[in-house]
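Participant: Okay, handing you the structure first.
The values are calculated or read from the model by the stated rules, or taken from the named source; none is laboratory data. Only a predicted model underlies this, so the values are computations on that prediction, with no experimental measurement involved. Heads up, the Cβs are rebuilt from the backbone with ideal geometry, glycines too, and the neighbour counts pull from every protein chain shown. These area figures cover heavy atoms from the full protein model, side chains too; ligands, DNA and RNA do not enter into them. Shrake-Rupley method; radii C 1.70, N 1.55, O 1.52, S 1.80 Å.
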Amino acid sequence: MIPDSAVRLAHLIRTGELRAQEVVEYFLHRIKEKDEQLRAFITVCEKEALAQAQALDKGAPARQGLLAGVPVAVKDNIVTRGIRTTCASRILENFYPPYEATVVEKLKRAGAIIIGKTNLDEFAMGSSTENSAFFPTRNPWNLDCVPGGSSGGSAAAVAAGEVPLALGSDTGGSVRQPAAFCGLVGLKPTYGRVSRYGLVAFASSLDQIGPLTRSVEDCALLTQVIAGQDHRDSTTAAQPVPDYLTELAQPLTSLRIGLISGELLEGIDPEVGTAFERIINYLEKEGAQFEEIEFSSWKIALPCYYVIAPSEASSNLARYDGVRYGFRDQKVNQLRAMYEKTRTKGFGPEVKRRIILGTFALSAGYYEAYYGQATRARHLIAREFSSALKKVDFILTPTTPEPAFRFGAKADPLAMYLSDIFTVTANLAGVPAISIPVGMTKEGLPIGLQIIGDFFQESQLFRLAFLLEKKVEFRKEYNKII
Ligand code: GLN
């Protein structure tokens, strides 16, 4: 029997009770069985994964690592040396990176096996994977629904048991929202906790790489492996990385919980609301103290995010000019026309929308009114977080206003943007936030809860998540996905 827990799997491989090769073969088989329908993967690295497994079985030092022999799926906007990295965009369709992202290096050093690259909204812009230039990914709980996004491929793969662990990236909710839609644990670490070296930049001041897993324990383990300072990303922090896995079991010493005032929660789906209340009631019984926090800037977080993120994106995506990377339209012989044609054909509609929005927001004459104003709003949000987190240890919200929606349900971009209402604030402030599954709708779709904490308090987030995980016992639900 191959366990679905990464902690357990790595243990069995370290002790020699399982061989890495049989583990990899098992998951490759699962992928073959399921992915024709789900389409979570853009690339499956069968050959490389088997070679890595054989090396481990022959006694490579990584066999003693924290993730010995555990297959991991990596979102396709995280570069992998020699393995195609597309960002789900035509413009990078044939891009084979000459270098490895820091997180991938760390994974390999810990004995993990990169089994494939997962689908996403093009350049991580979206909340459903419908913006992938190649194909949408389906939600394993209901194939007519989206898995969320932009890390939808990673989330679907883990939920369906195609792989025990996956990495996503979160700029405004792209790890937490798909985690909520697919019934997983998903963490956006503190800005600077995990190196962004090798993460294809979307909005550099907001981007963080984060894990998607089936349990809090696995999330702690994967965070432990990828976190830490990296001289190749100067925004990483020098703070030592705690032993998250050991700290998990320690009890919470203080349980003061902040709830944002009612108004924001008014529009949410009733089943999401009920699941949220159930958790609050439970925590009350556990002795938690609650405080309603005045968060007047929460309302402006979404417009603020949708100015800052596209602004940074318009600058970051300027590098795809047909010269330096990937696709080039060869049919023109003038430089300017080549740029134009390359970018017109290479980018999809959502990416173009963001580039245009961002370029406008940064242009002379408008800069102050848009980018300047958004930056000030961002400071306000950060200040409100810092004063709230002096009074409480955690802030709880639903992760998303509603469970997974159907394909095509959010054709209006603004409707799609609204699904980020609870998640973008943590990115704007830089604080860590985790989503955990806390229930199911009558229709059989998972519901997520978001826990936000103070800078570098990931360990605290894990502990509260662990406590709730025991109460909710969501794990048995995975048996419903065959
Ligand atoms: N859905 C948000 C957006 O479209 C967040 C994306 C992300 O976190 N990468 O920008």
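Participant: For region 1-159, with the dipole built from +1 on Lys and Arg beta-carbon atoms and -1 on Asp and Glu ones, taken about the Cα centre, which of Ala124, Leu9, Gln64 lies farthest toward the positive end?
Facilitator: The Cα lying farthest towards the positive end belongs to Gln64.
Participant: For Thr359 and Gln54, what does the FRET efficiency come to when R0 = 56 Å and r is the distance between their Cβ atoms, rounded to the nearest 0.05?
Facilitator: Numbers: r = 49 Å, r/R0 = 0.88.
So, using R0 = 56 Å, E works out to roughly 0.70.
Participant: Further question: Return the carbon/sulfur percentage of the accessible area of the chain, one whole number, probe 1.4 Å, all protein chains in place.
Facilitator: Summing carbon and sulfur atoms, their accessible area is 52 percent of the total for the chain.
Participant: Tell me the relative contact order for the chain as a rounded percent, counting alpha carbon contacts under 8 Å between residues six or more apart.
Facilitator: Values: 1126 pairs, mean separation 81.7, N = 482.
Relative contact order, the chain: 17 percent.
Participant: Considering only the other residues whose Cβ falls under 10 Å of the Cβ of Thr344, what net charge follows from Lys and Arg at +1 and Asp and Glu at -1?
Facilitator: Net charge in that neighbourhood comes out at +2.
Participant: Please compute the per residue accessible area over region 356-482 with all protein chains in place, 1.4 Å probe, rounded to a whole number of Å². Present the calculation step by step, with values, prior to reporting the outcome.
Facilitator: Details: 5430 Å² over 127 residues.
Solvent-accessible surface per residue comes out at 43 Å².
Participant: Would you mind classifying region 1-116 by shape? Square roots of the alpha carbon gyration tensor eigenvalues, ordered a ≥ b ≥ c; an a/c under 1.5 is rounded, otherwise it is prolate if a/b is larger than b/c and oblate if not.
Facilitator: Values: a/c = 2.31, a/b = 1.47, b/c = 1.57.
Oblate, because a/c is 1.5 or more while a/b does not exceed b/c.
Participant: Loop-only chymotrypsin sites (Phe, Trp or Tyr not before Pro) in region 71-170, please: DSSP not H, G, I, E or B, and at most 12 other Cβ atoms within 10 Å. Numbers along the way, then the final one.
Facilitator: On the way: sites: Phe95, Tyr99, Phe123, Phe134, Trp141; in loops: Phe95, Tyr99, Phe134, Trp141.
Sites meeting the loop and neighbour criteria: none at all.
Participant: Mind checking region 329-403 for trypsin sites (Lys or Arg not before Pro) that DSSP puts in a loop (not H, G, I, E or B) and that have at most 14 other Cβ atoms within 10 Å? Please list the in-between numbers first.
Facilitator: On the way: sites: Lys331, Arg336, Lys341, Arg343, Lys345, Lys352, Arg353, Arg354, Arg376, Arg378, Arg383, Lys390, Lys391; in loops: Lys331.
Counting only loop positions with at most 14 other Cβ atoms within 10 Å, the trypsin sites (Lys or Arg not before Pro) in region 329-403 are Lys331.
Participant: Between region 250-329 and region 32-96, what is the C-alpha centre distance in whole Å?
Facilitator: Distance between centres, Cα-based: 30 Å.
Participant: For region 383-476, list log₁₀ I(q)/I(0) at each q in 0.21, 0.23, 0.25 Å⁻¹, using the Debye formula over Cα point scatterers of equal strength and ignoring solvent, two decimals each.
Facilitator: Debye intensities relative to I(0), on a log10 scale: -1.08, -1.18, -1.27.
Participant: Would you mind putting 171-178, 215-222 in packing order, based on average other-beta-carbon counts within 10 Å, highest first?
Facilitator: 171-178, 215-222
Participant: Rank by packing, highest mean first: peptides 57-64, 296-303, 36-43, with packing defined as the count of other Cβ atoms within 10 Å averaged across residues. Numbers along the way, then the final one.
Facilitator: Numbers: 57-64: 14.5, 296-303: 17.8, 36-43: 19.8.
Going by the mean number of other Cβ atoms within 10 Å, highest first, we get 36-43, 296-303, 57-64.
Participant: As a test of the formula, what do you get for the chain when each DSSP H run with n ≥ 4 contributes -39,500 (n - 2.57) and the sum is divided by the residue count, at 222 nm and rounded to the nearest 500 deg cm²/dmol? List each step's numbers first, then the result.
Facilitator: Details: 16 runs with 186 residues, N = 482.
Calculated from helices alone, the mean residue ellipticity at 222 nm is -12000 deg cm²/dmol.
Participant: How big is the charge dipole of region 45-86 about its Cα centre, in debye rounded to the nearest 20, if each Lys and Arg gets +1 on its Cβ and each Asp and Glu gets -1 on its Cβ? Working shown, then result.
Facilitator: Details: 6 positive and 4 negative charges, 19 e Å.
Computed charge dipole of region 45-86: roughly 100 debye.
Participant: Given an 8 Å cut-off on Cα distances and at least 6 residues of separation, report the relative contact order of region 329-471 as a percent.
Facilitator: 20
Participant: In the chain, what percentage of the DSSP-assigned beta bridges are antiparallel, given to the nearest 5?
Facilitator: Values: 31 of 47 bridges.
In the chain, DSSP labels about 65 percent of beta bridges as antiparallel.
Participant: Which order do peptides 457-463, 225-231, 269-275, 113-119 fall in by mean Cβ count within 10 Å, highest first?
Facilitator: On the way: 457-463: 23.4, 225-231: 19.3, 269-275: 16.4, 113-119: 28.6.
Per-residue mean Cβ counts within 10 Å order the peptides as 113-119, 457-463, 225-231, 269-275.
Participant: Normalised by the number of residues in region 82-193, what is the relative contact order in percent for Cα pairs under 8 Å and 6+ residues apart? Provide the component values of the computation, followed by the final result.
Facilitator: Working: 200 pairs, mean separation 20.7, N = 112.
Over region 82-193, the number comes to 18 percent.
Participant: Give me the extension gain from Ala318 to Thr344: residue separation times 0.36 nm, minus the current Cα-Cα distance, reported in nm with one decimal. Write down the numbers at each step before the final one.
Facilitator: Details: separation 26, 0.36 × 26 = 9.36 nm, distance 1.28 nm.
Gain on stretching Ala318 to Thr344: 8.1 nm.
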